[in-house]
Structure formats: structure tokens, C-alpha cells
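Enquirer: My questions will all concern the structure given below.
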Amino acid sequence: MSNETITIQCEKLVYGGDCLGRLPDGRAVFVPFVLPGELVEVEIVEDKPRYARAWPLRIIETSPNRISPRCVHFGECGGCQYQHLNYAKQIETKHAILKDQFQRIAKIDDPPLQSMVPASDPWNYRNYVQFHLGKNAELGYIHADGEHLLPIQECHLPQAPINAIWPQITLDPDIDVNRLGIRMDTFEDLMLILEGDDPTAPSFSIDIPVSAVYTPPDAHLTVLAGDDHLVYTIKGRNFQVSARSFFQVNTVMAEKMIDFLLEKVDFQPDANVIELYSGVGLFSAFIVPLVKTLTAIEISGSACHDFAVNLDEFENVSLYEAPVEDVTPQLSQEFDVLVMDPPRSGLTPPVHDALAQIKPKQIAYISCDPATLARDIKKICKKGYKLISVTPFDLFPQTAHVETIVLLEQNNRENPD
């Protein structure tokens, strides 16, 4: 059936941004860039025994909810999925999808799902963007089909100074670089992050006043110009963030997440807190002044270096530079609060097992993937925890990504409410 053309009625948007329809034989078919209620002519591009994927060719009946996308690349670029929906509808869609993931995967019929915290600005919010390089070193994003590069002329997600600089960058077609990242800090200082497979840095020069680094996967970073880090001010605190360290790309929304944690989690002066996947200490720096001790675990050497700088003033902090899976099973101490912000893949079995040893009274789970979040919450609840709230934050408008903070408590803990 692959490459066959067929007309389908689209039913609902699902996690990942595609719209679900049905083939004549009843199988689900997933189509990008279309909306519920639309009648669409599609081409089958992947035919599996239980489902199919298709590419839209022509919209025969258009949804009244469809709007004109801002970007000329929408419909081809793999970066945005929802530019054809107004922002209120995007929020509504993501909220419904998050609820569906908890119902289907976590098997929780009526999750305590709170209203989504909307973005302050649904455009030009990213402080970091990464381009892939084509054969002639042209900048582009991965096409929505996932198979080739789409050279781009515009993008409406990066902050304005990033958008002002990237069209000025011209790289030698022979340069041994695979990706180019551009990051901007609070002071509008910019950093170019070149990535390649060769351990030796390429020849590089630029007339624009920016920092630049080369980061091969298995070798030391090379500073090509300026500094090896930027500085972000979050709620009045400065954070050093090195080129190889992860940092939230939407800093305005990151502040809202910090405010939420400080308001909703019971950080007491006598509490012992553990934070898994602590990064550069974005959450830790605001938690540690409120509690007795904080134990942080992070695998990235770059992030640990930044963490040590960012929390240097505090003496009640312990930092382990190691995989969370290695450290947590060795901890004999029990903790009052567990805060964790794992990668998209979620928690591994050793981390789940370690919860029985750590025995936190409260858990704050920060997630960027509703599917792995729902899977993990199902396992955590079976260990004697009650789901208190599920609060989504829209850190990534125009895309299908959903950031969520889930709060859990031990079942035997009295609820003051």
C-alpha cells in the first residue's frame, strides 16, 4: 500500500503533532500538518501491519480552526507542528493530549490535570537554536520526513538577536562541521557552538563579536573566539552555562517553573532534598537556601563544573558527578523531597528501584515527554505514592512538545488540605 494515494477524514491530534485518521481497513494512519475534521488526500509513505503514516497532498475540506502559518517553511520543516492553529487552540490541544497519555499509559482515568501555564510570548522565545549543515555548508533543519535537510531562510522561534546573526554566517563548504548551534544569554552575548567528528578544530574566523567553540564528541572543547561560557540571570541570580551544558531554552518560562516548585513543594528548614539530573543547578540554587541539605547528581562534567560555580556560596550541598543509575542505589540516607528532571527517555529501572531506598515524602518530577512521564508515574504510584497534581507549562509554542511538573506524595502522608 506504500505510495498509494487515498482520501481520509482526520479525527484528532495525537502526541507528536500528527493527526489521526483511519484507513478503509480500520488501521490508524498518522498525517502531519492537518487538523481534526479535515478531509485530506494523502500518500501512504510507511505501511505497517497495525498502522500507517502518510503525507498530505491536498486538503479537500478545511477545518474552521485552520489559520495561515507565519513561516514559509511550515508544512515541510520538522521543527514546528502547530503553526496552523491559533495559540489558544494549541494550548487546548496539548492539554487534551497530556490527559490522553495519562489515561492510556498511566491508566489514570481522571488525572489531577491543572490548567496549562501559557507562554508569555508564543514567538521568538528560544535562547538556543541548532542548525544542521548541508553539503555546501548551508544552514538548515531536518525535514519533517526525517530523511533530508531543509535549507531555511527564516525561523520565528529564536530570539531576535539570534535571528539577526545566523543569516550573516557563511561557512566554507569544506569545513568538517556537522551542526552549528547559536546560544544567547541574558546580556545578549552570543555563542556559536560548532560540532564535528574530527577531534581537531577546523580553521575558523568571524568578524562578528561573538564567542565560538568547537565541540567534538570524544575530545576536549576548543575555544575559537571569546569565552567558553555564557551567563544567564534567573530571578536575580547569575548562572554560568558552558557550551556543553544543557540549559532551558525558554528562560521566561523556566522562572515560572521555579516559582511553581517553590510554592507547591514543602521545602522545610530541616528537610534533606535530593535532586537527580541537576544540570547546572537551575533549580538547586533556589531550593538549597530553604533546606537543611541538598544532594545533587549529574553525569555531565561540563554541567557539574557550572553547578560548582553557580552554587559555590552554599555549604549544605553535595554533588555527585556520575550517572544517576550508579549513585542512587548506593545511597543509604532517606530524603524528604526528591526533585528530578530526567532526559526525554525518562527513568531507568535502577532509578525506579532506588526510590525504595530514598523514600522521599514528596516527589517533583519535571518532564519534557508526556509518554515516558505517564509510564514512569504509573510505576511510581505502584510504590506507594499518590498523584497530587499534573501541571503543564508551554515552553515550546508552535511545537508539539509539552513540559510538565508532576507532584506526588507518599500515600501514608497526611494531606493538610
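Enquirer: Kindly provide the trypsin sites (Lys or Arg not before Pro) of segment 1-64 that DSSP labels as loop, not H, G, I, E or B, and whose Cβ sees at most 10 other Cβ atoms within 10 Å.
Expert: Passing sites in segment 1-64 are Arg50.
Enquirer: I would also like to ask the following. Inverting the mean 1/r over all pairs of different Cα atoms, compute the Kirkwood radius of segment 250-344 and quote it in Å.
Expert: This gives a value of 13.5 Å.
Enquirer: Normalise the Debye intensity by I(0) for the chain, one equal point scatterer per Cα, no solvent, then take log10 at q = 0.11 Å⁻¹ and round to two decimals.
Expert: -0.94
Enquirer: Ignoring everything except DSSP H segments at least 4 long, calculate the 222 nm mean residue ellipticity for the chain; use -39,500 (n - 2.57) per segment, divide by total residues, nearest 500. Walk me through the numbers on the way to the answer.
Expert: On the way: 8 runs with 78 residues, N = 417.
Theoretical 222 nm ellipticity from helices: -5500 deg cm²/dmol.
Enquirer: Checking the table Lys264/Lys382; Lys256/Lys379; Lys48/Lys107; Lys107/Lys235 against a 30 Å threshold on Cα-Cα, which pairs fail?
Expert: Lys107/Lys235
Enquirer: Check each of the GluC sites (Glu not before Pro) in segment 155-264 and keep only those in coil by DSSP with at most 13 other C-beta atoms within 10 angstrom; list them in order.
Expert: Glu188
Enquirer: Translational diffusion coefficient, Stokes-Einstein: compute it for segment 66-119 using the Kirkwood radius over C-alpha pairs as Rh, at 4 °C and 1.567 mPa s, and state it as an integer in µm² s⁻¹.
Expert: Here the translational diffusion coefficient equals 101 µm²/s.
Enquirer: Per q in 0.17, 0.18 1/Å, what log10 I(q)/I(0) does a Debye calculation on the alpha-carbon atoms of segment 1-134 return?
Expert: After summing over all Cα pairs, the log10 values are -1.04, -1.13.
Enquirer: Unpartnered cysteines of the chain (Cβ-Cβ under 4.7 Å counts as a partner)?
Expert: Cys71, Cys77, Cys80, Cys155, Cys304, Cys368, Cys381
Enquirer: Right, another one. Would you please name the GluC sites (Glu not before Pro) within segment 71-168 that are DSSP coil residues with at most 13 other C-beta atoms within 10 Å of their C-beta?
Expert: Filter output for segment 71-168: Glu147, Glu154.
Enquirer: Then there is this: Could you pull out every residue, at least 5 positions away or on a different chain, whose amide H is within less than 5 Å of the one on Arg22? Hs are placed 1.01 Å off N in the peptide plane, and Pro or chain starts have none.
Expert: Gln9, Val29
Enquirer: Full extension from Asp270 to Lys48: what is 0.36 nm times the residue separation minus their Cα-Cα distance, to one decimal in nm?
Expert: Values: separation 222, 0.36 × 222 = 79.92 nm, distance 5.56 nm.
Contour length minus Cα-Cα distance gives 74.4 nm.
Enquirer: How would Glu11, Glu61 line up from fewest to most surrounding beta-carbon atoms within 10 angstrom?
Expert: Ascending number of Cβ neighbours within 10 Å: Glu61, Glu11.
Enquirer: Could you grab the Rg to Rh ratio for segment 128-232? Cα atoms only, Kirkwood for Rh.
Expert: Working: Rg = 13.4 Å, Rh = 14.3 Å.
Result for segment 128-232 is an Rg/Rh of 0.94.
Enquirer: Which whole-Hz couplings ³J(HN,Hα) result when phi for each residue of segment 396-410 is put into the Karplus expression 6.51 cos²θ - 1.76 cosθ + 1.60, θ = phi - 60°, listed in order with x for Gly and Pro?
Expert: 9, x, 6, 10, 8, 6, 10, 9, 9, 10, 10, 10, 10, 9, 4
Enquirer: Output needed: percent of Cα pairs per 10 Å distance bin for segment 5-66, bins running from 0 to the one holding the longest distance.
Expert: 26, 62, 12, 0
Enquirer: Quick one: Cα centre-to-centre distance for segment 245-297 and segment 3-64, in angstrom?
Expert: 42
Enquirer: Could you list which residues have their amide H under 5 Å from that of Leu157, counting only those 5 or more apart in sequence or on another chain, with H placed in the peptide plane?
Expert: HN-HN under 5 Å from Leu157: Asn124.
Enquirer: State, to one decimal in nm, how far the label point of Gln153 lies from the label point of Thr233, with both points 7 Å from Cα in the Cβ direction.
Expert: Rounded to a tenth, the inter-label distance reads 3.8 nm.
Enquirer: Oh, and also: Using modelled backbone amide H atoms (1.01 Å from N, in-plane), which distant-in-sequence or interchain residues come within less than 5 Å of Leu395's amide H?
Expert: Glu403
Enquirer: Using a Förster distance of 35 Å, how high is the FRET efficiency between Gln330 and Asp259, based on the Cβ-Cβ distance and rounded to 0.05? Numbers along the way, then the final one.
Expert: Numbers: r = 33 Å, r/R0 = 0.95.
That gives a FRET efficiency of 0.60.
Read-outs: derived from the displayed coordinates by stated rules, not from any lab. Just so we're clear, the structure is a prediction, and the values are computed from it rather than from any experiment. Note: ideal-geometry Cβ built from the backbone for every residue, glycine included; neighbour counts use all protein chains shown.
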